[in-house]
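This report refers to the structure that appears directly beneath it.
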Amino acid sequence: MATPHIQAARGDFADTVLMPGDPIRARYIAETFLEDARCINEVRNMYGYTGTYKGREISVMGHGMGIPSVSIYAKELITDYDVKRLIRVGSCGAVRDDVAVRDVVIGLGASTDSGVNRTRFRGHDFAAIADFDLTRHAVDAAATQGVPVKVGNIFSADLFYNPDAELVETLRRYGIVGVEMEAAGLYGVAAEFGARAATICTVSDHIVKGDSLSSEARATTFDEMMTIALDSVLRDDAQEAGA
Ligand SMILES: O=P(O)(O)O[C@H]1O[C@H](CO)[C@@H](O)[C@H]1O
Ligand SMILES: O=c1cc[nH]c(=O)[nH]1
């Protein structure tokens, strides 16, 4: 049973989907970390795969750039494919002095200049937050791997090229740990349709200092983020099983 954007049959997706913005990163995750991965979506080249990680079935699919795009894929995964957990594995920009390129940040909450959550929340300010247990398990997985993480408020921007030159200073002052373009929308969709969501990002550039990650460093640092996300799923399973 396809949707307008996903050709997979019902049952093709695992109950947990890792979601990078970039579909090529989805393919990389499938080829690098999953066993017996099979491609289940190619519509619009938004590649999706299902395979196993340490014996656990897991899916990975790109969600594109921006809240409108992630909202479509997250909604269809939840309502048409019974997906219960969505973990964004993205890149983000840094604005704070104590956050640097290569750092891993976890989005406990997500502020935004997008109006989507007000649209769905009757004009009120919806506190877009990650699932507590998924977030906790990501933090614990990072600690076990010896990867320091910063956990806090992400800013999901509608505009990558924002003409408001003073916005960055406000984001710094309010302690935003990373600037990206989807988490607030993902959290809103998860709340609306009853799924659990989390966001883990690797800092690819520092918006104030102008630093950015080389492609080589990007590959290895992103691998740390992927294993944090994958191991957090196993921890979440263990908790649900009462272990
Ligand atoms: O690397 P991804 O996951 O796409 O995330 C970030 O990169 C894109 C902008 O370049 C936006 O999607 C932003 O959220
Ligand atoms: O959305 C993004 C992603 C990386 N860096 C940014 O400044 N913004």
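Every read-out reported here was derived from the displayed coordinates using simple, explicitly stated rules and does not represent laboratory data. The structure presented is a predicted model; accordingly, all values stated were derived computationally and were not measured. Reconstructed Cβ throughout: ideal geometry from the backbone, glycine too, with neighbour counts over all protein chains shown.
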*Subset of the range 61-84 (residues that are more than 16 Å from ligand 2 (Cβ to nearest atom) and either on the phi > 0 side of the Ramachandran plot or free of Cβ contacts under 8 Å to residues at least 24 places away in the same chain (or both))*: Asp82
*Answer yes or no: is there a residue in the range 192-205 that is exposed (fewer than 14 other Cβ atoms within 10 Å of the Cβ), within 16 Å of ligand 2 (Cβ to nearest atom) and not in a helix (DSSP H, G or I).*
no
*Could you identify the single residue in Ile58, Ile87 that is surrounded by 22 or more Cβ atoms within 10 Å (Cβ to Cβ), away from ligand 1 (no atom under 16 Å from the Cβ), aliphatic (A, V, I, L, M) and in contact (Cβ under 8 Å) with a residue 60 or more places away in the chain?*
Ile58
*So which residues in the range 153-197 are within 21 Å of the chain's Cα centre (by Cα), more than 14 Å from Val70 (Cα to Cα) and within 14 Å of ligand 1 (Cβ to nearest atom)?*
Ile154, Phe155, Leu159, Phe160, Tyr161, Ile176, Val177, Gly178, Val179
*Quick one: in the range 92-108, of everything that is touching a helix residue (DSSP H, G or I) at 6+ places or on another chain (Cβ under 8 Å) and closer than 20 Å to Arg196 by Cα, which residue is farthest from ligand 2 (Cβ to nearest atom)?*
Leu108
*Would you please list the contacts, defined by Cβ atoms under 8 Å and residues six or more apart or on different chains, that run from a residue in the range 123-135 that is loosely packed, with under 11 Cβ neighbours inside 10 Å to a residue that is in a helix (DSSP H, G or I)?*
His124/Arg118; Asp125/Asn117; Asp125/Arg118
